[in-house]
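As structure tokens, the structure follows; a few thoughts come after it.
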Amino acid sequence: MHPSFLKKILLFTLTSLSLCGIGNAQKDFTTGILPSIGLTTPIKDEWRLTLRMESRNQLFSGQFGSGISSDFNYILTDFSILPTRKFGSTGSGGAGYLLRSRNGNYYHRLIQQYTLASNIYSLKANHRISADQTFSQAEPAEYRLRYRIGVELPFSGLVIDNREFYGKITNELLQKLQNGAYNLENRFVAVTGFQFSESHRVEYGIDYRFSSILSPNAKHTFWWQINWQISL
Amino acid sequence: MVKEDSKTNSLFKILWVLSIIFSVTLIAGKAGGQTKYEREYRINEQDVPGTAIEYLNGFPFNRRIKWYINQYAFSETFEAKVRYQGRLYSIDFNQEGILNDLEVDIRQKEMPKEITSKIHHQLGLIFERYRILRIQAQFCTPDLHMKVSEGILKFLREANFEIIVEGNAGEGAAQYEILFSEEGSVLRKEELSNFPAFIEF
């Protein structure tokens, strides 16, 4: 079961990543940092509340093969609140709200998501299906449907203990519909994490986003993710 | 070129700083409650007691053996994991390298039917609803070399059964590790680590 599940994840990730190169004429890219803080706390019985802040800051931009230029630019900050309910011992679902500030405009996003975790010996796998709807006076409404698959693996032993490093890889496909136009984005994340305690983790690594599998002028963005996660 | 910050950007920067201070305060408050020590990690064969290595050499295992150490507050055990004939074997030794037990993954249909019915009866008494996630047969007898060589499934009537169950005992679903005797009675029941802590991230 373990090797075949790994093969499925690898196939899904490689397929998504390989689609990123199809028909891409201009290879524009940007890089930057993506720091975030997240806090999950129990509310009552099966319910938990997740609060999260994330900022996006561009550092460099350019075209592959044509050089890179410094282009520091604060882009946006997101603040989200997401109440979720436990389903069974490994499922979690809920609906929430995100407020985005970007270029002086506010964006309001409604989020619905369901997450399922499973253990395959030392490997922790995680599936997330979510939908969101974003509204703003600056742009037409955007509707997205997302699926993310991820695996978490301890670097030492079979279980992630306190004061140990671990690795996490996720791949996500995002379908978007805005103003009648359909788009398909892929996001690949590979991070290293350190678990300070059962309630406190820090992760850092790369978040690669390919803005459109369907467009020849899609952009590549490489974000350096720094995540601070607290679960009470 | 740095764009001029708007009032909104300044507000979000203030929120960032406040959230960091709040998080640090929460973590500092939570850290005082952490007292349980348990850790496991991979080790090399040369770090394992010779008695355990010698004992393991008596088995017909033909694949790589991975060694782990399980550290607790006042003791530690050595554990060998190896795949043999499609099954995962876990052999546990104490600090001196003396055998504690051997566990092997099995499927429910491989268990003796009368033991299976007794176990399901017991689970029905404990849980409103349950689902069996994993079963391991546990052996503690000295003649394990012979049992593994001849096929461990022939000796399941002599085994205890360690079962991982997802069940609802009236306070919400959770995962439990329950040890049943060879007669199907409950020897130990332990709730496993709770709901995945960082599942929402």
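Figures for the structure shown
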{"item": "Tally, over the range B:152-181, of residues that are more than 14 Å from every other protein chain (Cβ to nearest Cβ), more than 14 Å from B:L102 (Cβ to Cβ) and surrounded by fewer than 17 Cβ atoms within 10 Å (Cβ to Cβ)", "result": "4"}
{"item": "Set A:G88, A:G157, A:G93, A:G104: member being within 13 Å of chain B (Cβ to nearest Cβ), more than 30 Å from B:R42 (Cα to Cα) and at pLDDT below 90", "result": "A:G88"}
{"item": "In the range B:182-201, the residues that are charged (D, E, K, R), within 13 Å of chain A (Cβ to nearest Cβ) and within 19 Å of the chain's Cα centre (by Cα)", "result": "B:E191"}
{"item": "Residue count for the range B:54-97, restricted to those that are in contact with a Ser or Thr (Cβ under 6 Å, 6 or more places away or on another chain) and on the phi > 0 side of the Ramachandran plot", "result": "1"}
{"item": "Subset of the range A:124-165 that is over 14 Å from the mean Cα position of the chain (by Cα) and among the aliphatic types (A, V, I, L, M) - its residue that is nearest to A:S197 (Cα to Cα)", "result": "A:I160"}
{"item": "Matching residues in the range A:123-161 - criterion: being within 20 Å of B:R39 (Cβ to Cβ) and touching a His at 6+ places or on another chain (Cβ under 9 Å)", "result": "A:L123"}
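For (1) within 11 Å of chain A (Cβ to nearest Cβ); (2) closer than 30 Å to A:T41 by Cβ; (3) at pLDDT 90 or above, each residue gets a yes or a no:
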site	(1), (2), (3)
B:S23	yes, yes, no
B:E40	yes, yes, no
B:N44	no, no, yes
B:R63	no, no, yes
B:K66	yes, no, yes
B:A73	no, yes, no
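The values are calculated or read from the model by the stated rules, or taken from the named source; none is laboratory data. Bear in mind the structure is a predicted one, so any value in this text is a computation, not a measurement. Methodologically, a virtual Cβ is constructed for each residue, glycine included, from the backbone with ideal geometry; neighbour enumeration extends over all protein chains shown.
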